[in-house]
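Participant: Before we start, here is the structure in question, set down as structure tokens.
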Amino acid sequence: MKIRPLAALLAIASGSWMAMAQAEEDKPTKVAWRTIEVSLTDTAGKPAADVPVDLVGVARQSMYNPASLDEGEEPHPGWHFKTDAGGHCQVRLGRFSCYKAKELTGEDLPGWGTYHLVADAGKAGFVISPRIYHPENDVDGAKEEEQLEQSEARDELGEFLRRRRLLTEDSTPLALQLLLAMRITGMLVDPAGKPLVGHVTAWTDLQMESHTGYGGGILRRETDSDASGKFALEGVYPATFQFSARIDMKDDKEPVWIKTRLRTQWVDTIVDRITPREDEKEIEIRCVIAPESPHLFHGHITGPDGKPLSGAKVTAGISRHSEPLSYSDDHNFESTTSGEDGAYELRASAPYLRFITVAAPGFKEANEDFESSEPVFGAPGEYDFKLEKEGE
């Protein structure tokens, strides 16, 4: 009998182990799923057959929704399904990260994350599902639900989140019913009542109930006003929606929406978030747009001796709303510098002042904060500052 050297035996054993490990590694990974069993009915309560149903994500981990969460970023198209003759369709969500989907399944499939289902049957109606949470594990799901319950107790949740669905079982039924669209009509005018040709947009913002706001827009409807300033938007989803109005100027001026009549009531501000009344089918809105902003913040900057300080930088935090409703309300900063006489003027894009800060080399920064005051924000007007020398 031929005796093999120990080294040869070890090499054979090592090779066998490596082959076994490679074979184990090459085995396809078993993928687990959660399933949403969708049942869709029309406005009369009958099964809605052959209706497209899209699954859209509203967070980075669940991929981008059709409106894209970041400006200039290529949006994710979502995932597409269709109801059968009985108004049913099955939506599968993988128990994996969306970023691992292709590696695990060979396809770009939905995984853990936050979603909505959108069924659009055209003139027959459409519907957006409640917010759907597909957590990575039960602990994450429980934490998410606890936070939402606390927000709900403070009456901070909108309609999508109040009816949220947390996926914890392998299969979850979800019944949806189509809703008929609304119509938005109105006019764009200048402060003198002269008609303006401009552009209006209405959309359902899936992120309006989060701190980011203005980032999950779907079912977007837009049109131009005609020579008489009139416009009509068809097919608007019958739930709280975002609304924007703008005109283009030929010079360097930036027009600002300053006043609104919603239905029959005038307010001296923008109204860009509108909630329909029950069974309301048409809403009228009239927007007054000034050729340049009337929101003037001004004042004088002086040193400790009372003499004017030139070149001081004045920065203001400006909000579009009287209370912060979106990420942009908390992150809009506009600035100017003082002149030789210490005077400054800041013609802001909106009337609500969160804070104003003044900085100049060799001087302590001065700040006036309105976010903790009553009323909540400062108004256009005069704001003077006397700076102190550093080290004093």
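The values are calculated or read from the model by the stated rules, or taken from the named source; none is laboratory data. Note that the structure is a prediction, hence the values are computed from the model and not measured. Cβ sites come from the backbone with ideal geometry, for glycine too, and all protein chains shown count toward neighbours. Each accessible area value is taken on the protein alone, full model and side chains, heavy atoms only, with ligands, DNA and RNA left out. Shrake-Rupley method; radii C 1.70, N 1.55, O 1.52, S 1.80 Å.
Participant: Check Glu278 against each of (1) closer than 30 Å to Gln177 by Cα; (2) open to solvent by 40 Å² or more (accessible area, probe 1.4 Å); (3) at pLDDT 90 or above and name the one condition it does not meet.
Facilitator: (3)
Participant: Starting from segment 77-99, take each residue that is in contact (Cβ under 8 Å) with a residue 60 or more places away in the chain and list its partners that are open to solvent by less than 10 Å² (accessible area, probe 1.4 Å) and not in a strand (DSSP E or B), counting only C-beta distances under 6 angstrom and pairs at least six apart or across chains.
Facilitator: Pairs that qualify, where the first residue is in contact (Cβ under 8 Å) with a residue 60 or more places away in the chain and the partner is open to solvent by less than 10 Å² (accessible area, probe 1.4 Å) and not in a strand (DSSP E or B), are Leu93/Pro110; Gly94/Gly111; Phe96/Gly111.
Participant: Counting only residues that are touching a Phe, Trp or Tyr at 6+ places or on another chain (Cβ under 8 Å) and part of a loop (DSSP other than H, G, I, E, B), which one in segment 366-378 is modelled with the highest pLDDT?
Facilitator: Phe370
Participant: Let me ask something else. Considering only segment 323-337, how many residues are open to solvent by 60 Å² or more (accessible area, probe 1.4 Å) and touching a Phe, Trp or Tyr at 6+ places or on another chain (Cβ under 6 Å)?
Facilitator: 0
Participant: If you don't mind, there's one more thing I want to ask. Which residues, counting only those in segment 115-158, are under 18 Å from the mean Cα position of the chain (by Cα), modelled with pLDDT of 85 or more and open to solvent by 20 Å² or more (accessible area, probe 1.4 Å)?
Facilitator: Answer for segment 115-158, where residues must be under 18 Å from the mean Cα position of the chain (by Cα), modelled with pLDDT of 85 or more and open to solvent by 20 Å² or more (accessible area, probe 1.4 Å): just Tyr133.
Participant: Can you find a residue in segment 304-311 that is small (Gly, Ala, Ser) and in contact with a Phe, Trp or Tyr (Cβ under 8 Å, 6 or more places away or on another chain)?
Facilitator: Scanning segment 304-311, I find no residue that is small (Gly, Ala, Ser) and in contact with a Phe, Trp or Tyr (Cβ under 8 Å, 6 or more places away or on another chain), so the answer is no.
Participant: Report the residue count in segment 338-348 for those that are surrounded by fewer than 14 Cβ atoms within 10 Å (Cβ to Cβ) and closer than 20 Å to Ser319 by Cα. Walk me through it before giving the result.
Facilitator: At the first step, the residues of segment 338-348 found to be surrounded by fewer than 14 Cβ atoms within 10 Å (Cβ to Cβ) are 340-341, 345.
Add one more test, that the residue is closer than 20 Å to Ser319 by Cα, and what stays is 345.
Matching residues across segment 338-348 total 1.
Participant: Going residue by residue through segment 186-205, is there one that turns out to be modelled with pLDDT under 85 and not aliphatic (A, V, I, L, M)?
Facilitator: Checked against the condition, which is being modelled with pLDDT under 85 and not aliphatic (A, V, I, L, M), segment 186-205 yields at least one hit.
Participant: Quick one: is Arg263 open to solvent by 60 Å² or more (accessible area, probe 1.4 Å) and either modelled with pLDDT of 95 or more or not small (Gly, Ala, Ser) (or both)? Write out each step before concluding.
Facilitator: On the way: open to solvent by 60 Å² or more (accessible area, probe 1.4 Å): no; either modelled with pLDDT of 95 or more or not small (Gly, Ala, Ser) (or both): yes.
Answer is no for this residue.
Participant: With respect to Gly57, determine if the residue is within 19 Å of Glu136 (Cβ to Cβ), in contact with a strand residue (DSSP E or B) (Cβ under 7 Å, 6 or more places away or on another chain), buried (at least 19 other Cβ atoms within 10 Å of the Cβ) and at pLDDT 90 or above. Show your work before the answer.
Facilitator: Details: within 19 Å of Glu136 (Cβ to Cβ): yes; in contact with a strand residue (DSSP E or B) (Cβ under 7 Å, 6 or more places away or on another chain): yes; buried (at least 19 other Cβ atoms within 10 Å of the Cβ): yes; at pLDDT 90 or above: no.
Here the answer is no, as Gly57 does not meet what is asked.
Participant: For segment 230-349, list the strands (runs of 3 or more DSSP E) that sit wholly inside it and hold at least 3 residues that are touching a residue at least 40 places away in the same chain (Cβ under 8 Å), under 19 Å from Thr204 (Cα atoms) and within 24 Å of the chain's Cα centre (by Cα); which are they?
Facilitator: So the answer is 230-236, 241-246.
Participant: Step by step: first the residues of segment 350-364, then only those that are in contact with an Asp or Glu (Cβ under 8 Å, 6 or more places away or on another chain) and not in a strand (DSSP E or B), then the one that is surrounded by the most Cβ atoms within 10 Å (Cβ to Cβ). Which residue is that?
Facilitator: Among them, the one singled out is Lys364.
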